[in-house]
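The values are calculated or read from the model by the stated rules, or taken from the named source; none is laboratory data. Quantities reported herein were computed from a predicted structural model and do not represent experimental measurements. Glycine also receives a Cβ, built like all others from the backbone with ideal geometry; neighbour counts cover every protein chain displayed. For the accessible areas, the whole protein counts, side chains as well, though only heavy atoms, and no ligand, DNA or RNA atoms are used. Shrake-Rupley method; radii C 1.70, N 1.55, O 1.52, S 1.80 Å.
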2 protein chains.
Amino acid sequence: MDNRIHREVIGGHLLVIGGAEDKYNERRILRKFLELTGTDGGETNVLIVPVASDFPEFAADIYVQAFRRLGIANPRVLRATSRQDVFAADADALFDGVNGVFITGGDQMRLVSLLGGTKFAQKLRQVATETNVVLAGTSAGAAGMSTSMIVRGDATPHPHKNSVRLSPGLGFLKNIIIDQHFTERGRISRLITAVAYNPYNLGIGIDENTAIILDNEGVLEVFGEGSVTVVDGSQITYNEIAEVDDFQSFSVCGVQLHILGNGLIYDYFGRTPLQPPNEFLLPDIE
Amino acid sequence: MDNRIHREVIGGHLLVIGGAEDKYNERRILRKFLELTGTDGGETNVLIVPVASDFPEFAADIYVQAFRRLGIANPRVLRATSRQDVFAADADALFDGVNGVFITGGDQMRLVSLLGGTKFAQKLRQVATETNVVLAGTSAGAAGMSTSMIVRGDATPHPHKNSVRLSPGLGFLKNIIIDQHFTERGRISRLITAVAYNPYNLGIGIDENTAIILDNEGVLEVFGEGSVTVVDGSQITYNEIAEVDDFQSFSVCGVQLHILGNGLIYDYFGRTPLQPPNEFLLPDIE
């Protein structure tokens with residue numbers, strides 16, 4: 001099954017965060033983001049992309065302050081509330097010498113409809129796929145990373161056909177559908193539904209203050225407080241989703257589920273959880 | 001894997017209901033209960049066991065009325081609010097000529113602590129295992145049917161070790177753990193936890209107004225409005241539950257999940273969903 005699932009990104013790490021990451025106390029995930037840039041305490045240039053937010057200035061400010069407190073002198077921000085603003089932004093200058101890009105939360109539809117097809121998005125893709133720049137996204141910024149993203153879907157108790165809507169995302173993760181605030185908002189039904197639409201996609205549900213770190217060789221590592229739920233539909237033997245009406249429940253058999261805590265490793269090329277060595281069970285030390 | 005899971009009951013059908021079954025309109029499940037007695041419109045004797053309820057007279061009355069409206073002349077009731085009452089009940093008379101036993105909802109701990117070890121329970125077991133009497137239970141009456149039953153467990157978003165407590169049930173279903181009000185109350189985490197304790201147990205989560213019908217040859221059929229979620233832990237490759245503290249999340253890999261709608265069939269001896277013929281996709285006709 002190798003290479004059934006892959007990333008567009010062949011550059012640096014992807015850091016995909018389930019939302020509500022700690023910005024004031026331990027800040028493990030934000031620190032990890034900076035650590036992954038590999039600048040090792042030297043000058044680190046961070047670009048914040050807050051356009052998913054309804055209040056992008058406010059969202060930007062929170063992360064500017066958070067990164068400043070972690071020693072980043074001058075975090076950059078894509079300041080834009082419209083496509084015109086994105087067109088007007090000097091993408092070359094914003095990305096010049098950048099080590100990490102951080103996409104904030106908000107609404108993934110807003111994120112993608114503002115950025116999609118712009119020179120900025122093109123540059124973002126180029127930087128993420130051809131360089132070692134770390135690309136991080138939280139909440140909407142996480143959802144928007146995949147080729148097919150979940151844009152709507154209330155936490156309905158039963159998985160039904162209309163419990164989720166998919167829309168094209170920024171496409172850094174192919175054949176992976178990300179869901180966030182996952183167990184906090186009881187989203188397993190909607191993720192199973194999203195996977196049932198096309199079991200070619202691997203569903204990954206990320207809890208709050210929890211992230212997955214993906215390298216370009218198929219290694220996904222769980223990092224943070226909560227769990228990551230992997231919904232693998234590749235072994236589905238029976239899938240009724242095409243047969244039912246919009247709001248009807250459907251049957252689906254043979255879904256594989258993995259619930260992975262901090263430190264656990266999943267091979268996202270081969271769709272296999274890797275048995276952790278015992279050290280992974282020890283408390284994480286910063 | 002044949003016979004890994006089996007029932008104590010080798011008599012009539014078991015009807016295990018996820019709670020809140022319709023008692024006033026279509027009443028598909030109550031009708032199915034009567035149909036399974038095989039009396040075919042002839043005299044049907046039904047015994048109601050309402051002792052799980054805090055208000056057993058009230059619970060009994062609801063089912064007495066419901067069965068009367070469905071043509072059962074004189075439903076019998078085990079009237080008991082204490083073990084003394086259960087001891088005093090004339091079990092032989094109550095079970096004499098009975099075709100179906102219906103255990104109501106309430107608190108499964110109350111059900112089992114009142115009935116366990118009494119002559120009534122012994123007679124109930126004998127009737128259920130040695131005759132064609134249909135044994136039905138709803139909600140607490142469903143949970144109490146298994147050898148290990150879930151007695152507590154708030155719907156915690158994350159599966160953690162303490163998210164569920166198991167206690168010995170009435171034991172009609174061996175190696176099966178029943179959960180009820182399943183998707184309505186977001187109980188998948190607690191059922192996965194219960195299965196992770198000992199993956200020998202198959203977890204079966206039943207939605208409201210939905211039932212499973214089990215025969216004694218391993219056939220489980222889903223019947224009703226909602227879905228039945230089967231959590232099969234027999235393929236679990238990694239299970240951290242013994243390693244973590246009480247309120248800590250744990251990792252578990254390789255859980256098999258099947259979501260089965262009305263009419264779908266599962267082989268509960270062999271732990272395999274059976275591919276439904278196309279007719280199962282047609283609307284159910286009473």
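In the Gaussian network model of chain B, springs joining C-alpha atoms below 10 Å, which of B:G261, B:G12, B:G41 carries the largest mean-square fluctuation?
Of B:G261, B:G12, B:G41, the most mobile in the Gaussian network model is B:G41.
Sequence-distant or interchain residues sharing an amide H contact under 5 Å with B:L173, placed H: which?
Answer set, sorted by chain and number: B:E8, B:S146, B:T147.
Mind checking the angle between helix A:56-69 and chain A's longest principal axis? C-alpha axes, 0 to 90 degrees, to the nearest 10.
That helix lies at roughly 70 degrees to the long axis.
May I ask you to report, in nm to one decimal and beginning with the shortest, the distances from A:E243 to the same position in the other copies, taking label points 7 Å along Cα-to-Cβ?
4.0
Taking θ as phi - 60°, what are the ³J(HN,Hα) couplings along the stretch A:261-272 by the Karplus curve (6.51, -1.76, 1.60), each to the nearest whole Hz, with x for Gly and Pro?
x, 3, x, 6, 10, 10, 8, 7, 7, x, 6, 9
Where does helix B:119-130 land angle-wise versus the long Cα axis of chain B, in degrees 0 to 90, nearest 10?
80 degrees
Over 30 Å between Cα atoms, which of B:K32/B:K174; B:K23/B:K161; A:K32/A:K174 qualify?
Long pairs (Cα-Cα over 30 Å): B:K23/B:K161.
Okay, helix-only estimate at 222 nm for the protein assembly as shown: each DSSP H run of n ≥ 4 adds -39500 (n - 2.57), divide by all residues, round to 500 deg cm²/dmol; what do you get?
Rounded to the nearest 500, it is -6500 deg cm²/dmol.
Residues of the stretch A:244-266 with accessible area at least 20 Å² lower in the all-protein-chain context than alone (1.4 Å probe)?
Residues passing the criterion (a loss of at least 20 Å², heavy atoms only) are A:S249, A:S251, A:V252, A:C253, A:G254, A:V255, A:Q256, A:L257, A:H258, A:I259, A:L264.
Where a ≥ b ≥ c are the square roots of the eigenvalues of the C-alpha gyration tensor, would you call the stretch B:14-275 rounded, which needs a/c under 1.5, or, failing that, prolate if a/b is larger than b/c, or oblate?
On the way: a/c = 1.95, a/b = 1.54, b/c = 1.27.
Prolate is the answer for the stretch B:14-275, as a/c is 1.5 or above and a/b outweighs b/c.
How big is the charge dipole of the protein assembly as shown about its Cα centre, in debye rounded to the nearest 20, if each Lys and Arg gets +1 on its Cβ and each Asp and Glu gets -1 on its Cβ?
On the way: 48 positive and 70 negative charges, 89 e Å.
Here the protein assembly as shown has a charge dipole of around 420 debye.
One decimal, nm, shortest first: give the distances between the label point of A:T39 and those of the same position in the other copies, each label point 7 Å from Cα along Cα→Cβ.
Shortest to longest, the spacings are 8.0 nm.
Below 8 Å between Cα atoms, with a sequence gap of 6+, how large is the relative contact order for the stretch B:14-275 in percent?
Rounded, it is 18 percent for the stretch B:14-275.
Restricting attention to the stretch B:193-251, which GluC sites (Glu not before Pro) occupy a DSSP loop and are surrounded by at most 15 other Cβ atoms within 10 Å? Let's see the in-between values first.
On the way: sites: B:E208, B:E217, B:E221, B:E225, B:E240, B:E243; in loops: B:E208, B:E217, B:E225, B:E240.
Answer in residue order: B:E217.
Can you list which of the GluC sites (Glu not before Pro) found in the stretch A:10-41 are DSSP loop residues with at most 15 other C-beta atoms within 10 Å?
A:E26
What is the magnitude of the charge dipole of the stretch A:14-281 about its Cα centre, with +1 placed on the Cβ of each Lys and Arg, -1 on the Cβ of each Asp and Glu, and no other charges, expressed in debye to the nearest 20?
440 debye
For chain A, with the dipole built from +1 on Lys and Arg beta-carbon atoms and -1 on Asp and Glu ones, taken about the Cα centre, which of A:V51, A:A211, A:S189 lies farthest toward the positive end?
Of the candidates, A:V51 comes out farthest on the positive side.
Please compute how much accessible surface disappears when A pairs with B, both sides summed, using a 1.4 Å probe, and round it to the nearest 100 Å².
Accessible area lost upon association: around 2500 Å².
At B:Q84, label 7 Å along Cα→Cβ: distances to the other copies, nm, ascending?
B:Q84 label point versus its equivalents elsewhere: 8.4 nm.
Could you derive backbone 3J(HN,Hα) for the stretch A:85-90 from the dihedral phi with the Karplus parameters 6.51, -1.76 and 1.60 (θ = phi - 60°), listing whole Hz in sequence and x where the residue is Gly or Pro?
Ordered by residue, 3J(HN,Hα) equals 4, 5, 4, 6, 5, 8 Hz.
In debye, nearest 20: dipole of the stretch B:98-168 around its Cα centre with unit charges on the Cβ of K, R (+) and D, E (-)?
180 debye
Got the relative contact order for the stretch B:92-157 handy, in percent, Cα pairs under 8 Å and 6 or more residues apart?
So the answer I get is 46 percent.
Under a GNM of chain B (C-alpha, springs under 10 Å), which listed residue has the highest mean-square fluctuation: B:N175, B:N74, B:N45?
B:N74
Looking at chain A, identify the longest residue range that excludes and avoids all chymotrypsin sites (Phe, Trp or Tyr not before Pro) in DSSP loops having at most 13 other Cβ atoms within 10 Å.
Answer from the scan: A:25-199.
For A:E243 paired with B:I62, estimate the spin-label separation in nm (one decimal), with each label point 7 Å from Cα along the Cα-to-Cβ line.
3.3 nm
Name the residue from B:F172, B:G71, A:L14 whose Cα lies farthest towards the positive end of the charge dipole of the protein assembly as shown, charges +1 on Cβ of Lys and Arg and -1 on Cβ of Asp and Glu.
B:G71
Using a Gaussian network for chain A with springs between C-alpha atoms less than 10 Å apart, which of these wobbles most: A:G116, A:G137, A:G224?
In this elastic network of chain A, the residue with the biggest mean-square fluctuation among A:G116, A:G137, A:G224 is A:G116.
Taking the Cα atoms only, what angle lies between the long axis of helix B:188-197 and the longest principal axis of chain B, rounded to 10 degrees?
Value to nearest ten degrees: 80.
Which whole-Hz couplings ³J(HN,Hα) result when phi for each residue of the stretch A:252-260 is put into the Karplus expression 6.51 cos²θ - 1.76 cosθ + 1.60, θ = phi - 60°, listed in order with x for Gly and Pro?
My calculation for the stretch A:252-260 gives 8, 10, x, 6, 9, 10, 10, 10, 10 Hz in order.
From the square roots a ≥ b ≥ c of the eigenvalues of the alpha-carbon gyration tensor of the stretch A:1-132, which class results: rounded (a/c under 1.5), prolate (a/b over b/c), or oblate?
Because its axes are fairly even, with a/c under 1.5, the stretch A:1-132 counts as rounded.
Report the one residue of B:F33, B:F250, B:G100 whose Cα lies farthest in the direction of the positive end of the charge dipole of the stretch B:14-275 (charges on C-beta: Lys and Arg +1, Asp and Glu -1; origin at the Cα centre).
The residue sitting most towards the positive pole is B:G100.
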